[in-house]
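The values are calculated or read from the model by the stated rules, or taken from the named source; none is laboratory data. What you are looking at is a predicted structure, and each value in this text was computed from that prediction instead of being measured. Ideal geometry is used to build each Cβ from the backbone, glycine not excepted, and the neighbour counts take in all protein chains shown. Heavy atoms of the whole protein, side chains included, go into the accessibility calculation; ligands, DNA and RNA do not. Shrake-Rupley method; radii C 1.70, N 1.55, O 1.52, S 1.80 Å.
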Amino acid sequence: MMRKKFLYVTVFILIAAAVLGGMSLSARTADAGMAGTYNTKENVKIVQKKLKDLGYYKTAVDGIFGSGTTAAVKNFQKTKGLTADGVVGAKTIAALGVKLNAASASAGAGNLSNADLNLLAKAIHAEARGEPYTGQVAVGAVILNRVKSSKFPNTISGVIYQPYAFTAVADGQINLTPGDSAKKAAQDALNGWDPTNGCLYYYNPATATSKWIFGLTVTLKIGRHNFCLSD
Amino acid sequence: MKTKRMTYRSAVLFAALALAAALVAAAFIVKAADTQRALENAYQKSFYDLTANVGNIDVKLTKLMAAGSAETEKNVMDDICRQSHLAADNISQLPLKHEEMSETVRFLNQTGDYTHSLCKKLNAGQTLNDEDRQRIEDLRARCGAAGAELTRMAERLQGGWRISEHIDRDQAGRIGGGEFGDGFSDMQKQSVDYPKMIYDGPFSDALEKKTYKAVENAPEIPQEQAADKIRHILGGMGVTDVKFLGNANGDMNTHEFEVTADKGNYYVQMTVKGAFPVMIQSNRPVGASKIDAEEAIRLAEKFAFEKLDLRNMRGVWVNLFGGTACINLAPEIDGAAVYTELVKVKVALDDGQITGVEARAYVRGHVEGRKIPAAALTEGEALKKVSNKLDVSHIRKAIIPKDGGREVFAYEFWASYKDFDYIVYINAETGAEEDILRVIDKNQGNMII
């Protein structure tokens, strides 16, 4: 008798797990974190400290919005009857009763250059984080050269997200957090440093599969990449 | 008795597991199908937008050919410019290989850019000449051919033909080519040729040929001598070794070097002709800042004077980030800042060492013995051309770069209005307002856009 019950329970648990697993695949979760212009380390620390004082957050006030912080925010939101999505936006900030500073200092400029800088850094990190520093700046410069070229999209995001232009964008590495080297390289590239002197193409001869790109004249090599001026 | 129960139990367990696996797989499949459909919809939207925009540009170009007044011309040009750039963006979102669409992108970008330059011409009080009108007709012919091809491709989509099903995967799993890509390749091959587009704009074909005025006529210097020059330039930075890596051969040939130094390595590019340091770069770690921006500018000017042999460079802009100051230096001649000959120098704010040099603008734009022309307007007359809303604090002369490689002699006004800081350029020969730049004051320093 006991054995049969055990069997039913096991089967029930398995089916429930499968259904929940299937549901979670289609469930939409917004990325947890600080909303838009509040996304600075100082602001995260303020939020963490308040959550700690209120008893929701137990670990270190380190300015890093990780899983512990996300859980604490969600619990707080649930208690306050807000949407428990882990995103600290205007409503959550008001409920916490904290004062946060917006990240950009300039009034209403939209801070285009910061967004471009961050995206460029992500692309450099994705495509060239194993390369020497000059190679990273070179990758950034190629992207900016493409923006200036009539044959490519006219924005940094257009160039980076052009389908199949960059393998590391296609396979999702673009979503990794860029390291310090990539950020510095992006800044240098935006300031005009171009070790390739105008190149529009680069490839790794050991891994590239496009016959077309091997037909281009190589202007210079840095690290594992060959850089080509034009087609 | 026991065996029968155990087999029964195993069977039920197995069935439960199989059901669980099936449910998980079903969830995956449903989600994948959703994503695929959304992607196909995005592709189709871009394709239909492209077709519509190209068709509109065709019609607008014919209107331009028939327009009788400057007002109509300008309005039509406005539309063509906007729709061309939209169309270029549309095609850039389609799953095509670069070589299948680059010529079409170029055509669309140049059409928009060119009509924009014609619009500027009309705004300056000029009229379209015969050459302009012929170009408009050539562009129209090309546009018509492209439109016909796109319409043909659109007919395919009517019958439930899906774009994402007609793209190939190559061995590395990267998509591109296939029937969809072939259609666009054909469109490029069959396209009507249009002449070299030489005009005043960022996408002009005139910019393809680059000149390097500073070193054009200089003798070629072998790499060993170039290496000696590097030791002089980076003297005092703790250099222990200079290693020649090879040459870069583009439109400007350079010697490439890796320089080992105490605090971190440098990568150095010297022009083959004249051994000019066109790029120096170091990624050495930088400690806590001890030097302020003023001192960094002074150090950069000193470096340009003593090590680069550039006698009259003055700091015109400073940008601070990551413990480093990036200073833009421009030659000051007869009180004018020559922005077409910029040299950028990076100074580490912990010890004042030079960690970067970027001199391509200088190498391309430097004119030996440059003379600043006499201005046709006085400062007072130029000041009248600046908007009276602005509160002007500072005036000086400048040579500024314009699209298409042109140089313009202008008065530079530093001004503010409400919370915003501006730099306004008034042409010193014609009085035209050449450019307005807005200064974004960030925590890192001052940067112009």
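Some observations on this one:
- Across segment B:264-319, the number of residues qualifying as at positive phi and open to solvent by 10 Å² or more (accessible area, probe 1.4 Å) comes to 3.
- B:T72 open to solvent by 60 Å² or more (accessible area, probe 1.4 Å) and modelled with pLDDT under 90: no
- Listed conditions (1) open to solvent by less than 70 Å² (accessible area, probe 1.4 Å); (2) more than 14 Å from chain A (Cβ to nearest Cβ); (3) of a type outside the set (G, A, S) are all met by B:F180, apart from (2).
- Hits in segment A:26-59 - residues which are open to solvent by 50 Å² or more (accessible area, probe 1.4 Å) and modelled with pLDDT under 70: A:S26, A:A27, A:R28, A:T29, A:A30, A:D31, A:G36, A:T37, A:Y38, A:N39, A:K41
Each row is one residue, and each column tells you yes or no for (1) over 28 Å from the mean Cα position of the chain (by Cα); (2) among the hydrophobic types (A, V, I, L, M, F, W, C).
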site	(1), (2)
A:K184	no, no
A:L190	no, yes
A:D194	no, no
A:L200	no, yes
A:Y203	no, no
A:T209	no, no
A:T217	yes, no
A:K221	yes, no
A:D231	yes, no
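- When B:F14 is tested against (1) open to solvent by 80 Å² or more (accessible area, probe 1.4 Å); (2) under 19 Å from B:A146 (Cβ atoms), only condition (2) is not met.
- Single match in B:K290, B:K273, B:K302 (criterion: touching a residue at least 12 places away in the same chain (Cβ under 8 Å), more than 30 Å from the chain's Cα centre (by Cα) and over 15 Å from A:W193 (Cβ atoms)): B:K290
- Some residue of segment B:367-378 being in contact (Cβ under 8 Å) with a residue 24 or more places away in the chain and not in a loop (DSSP other than H, G, I, E, B): no
- Pair list, Cβ under 7 Å, 6 or more apart: segment B:209-236 residue more than 18 Å from B:G365 (Cα to Cα), other residue open to solvent by less than 70 Å² (accessible area, probe 1.4 Å) and in a helix (DSSP H, G or I): none
- Candidates B:R152, B:R106, filtered to the one that is assigned to a helix (DSSP H, G or I) and under 24 Å from the mean Cα position of the chain (by Cα): B:R106
- For segment A:211-229, residues that are crowded, with 17+ Cβ neighbours inside 10 Å, facing chain B (nearest Cβ under 9 Å) and in contact with an Asp or Glu (Cβ under 8 Å, 6 or more places away or on another chain) total 3.
- Against the criterion of being at pLDDT 95 or above and either at the interface with chain A (Cβ under 10 Å from one of its Cβ atoms) or touching a helix residue (DSSP H, G or I) at 6+ places or on another chain (Cβ under 7 Å) (or both), B:V239 does not qualify.
- Test: B:D168 is within 14 Å of chain A (Cβ to nearest Cβ), touching a Gly at 6+ places or on another chain (Cβ under 8 Å) and more than 24 Å from B:D89 (Cβ to Cβ): yes
- Test for B:K189: is it within 26 Å of the chain's Cα centre (by Cα) and either at pLDDT 85 or above or open to solvent by 40 Å² or more (accessible area, probe 1.4 Å) (or both): no
- Scan of segment B:358-375 for residues that are touching an Asp or Glu at 6+ places or on another chain (Cβ under 6 Å) and within 14 Å of chain A (Cβ to nearest Cβ), ordered by number: B:Y362, B:G365
Residue-wise test of (1) open to solvent by 20 Å² or more (accessible area, probe 1.4 Å); (2) of a type outside the set (D, E).
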| site | (1), (2) |
| --- | --- |
| B:T211 | yes, yes |
| B:E216 | yes, no |
| B:E224 | yes, no |
| B:A227 | no, yes |
| B:G238 | yes, yes |
| B:K243 | yes, yes |
| B:G250 | yes, yes |
| B:E258 | yes, no |
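- Restricted to segment B:317-351, and to residues there that are in a strand (DSSP E or B) and among the aromatic types (F, W, Y), the residue that is farthest from B:M237 (Cα to Cα) is B:W317.
- Selection count where residues are open to solvent by 10 Å² or more (accessible area, probe 1.4 Å) and part of a helix (DSSP H, G or I), scope segment B:77-96: 9
- Among the residues of segment B:239-259, those identified as over 19 Å from A:V137 (Cβ atoms) and β-branched (V, I, T) are B:V239, B:T240, B:V242.
- Qualifying residue in segment B:291-302 (condition: within 21 Å of B:K371 (Cα to Cα) and of a type in the set (A, V, I, L, M)): no
- Candidates are the residues of segment B:264-277 that are within 9 Å of chain A (Cβ to nearest Cβ) and either modelled with pLDDT of 95 or more or touching a His at 6+ places or on another chain (Cβ under 8 Å) (or both); the one that is nearest to B:A325 (Cα to Cα) is B:Y267.
- Among the residues of segment B:47-69, the ones that are buried (at least 21 other Cβ atoms within 10 Å of the Cβ) and of a type outside the set (D, E, K, R) come to 6 in all.
- Qualifying positions in segment B:97-109 - facing chain A (nearest Cβ under 7 Å) and open to solvent by less than 10 Å² (accessible area, probe 1.4 Å): B:S102, B:V105, B:N109
- Among residues of segment A:163-182 that are farther than 15 Å from A:N118 by Cα, those with a beta-carbon under 6 Å from a residue that is assigned to a loop (DSSP other than H, G, I, E, B) and open to solvent by less than 70 Å² (accessible area, probe 1.4 Å) at least six positions away or on a different chain give the pairs A:P163/B:P95.
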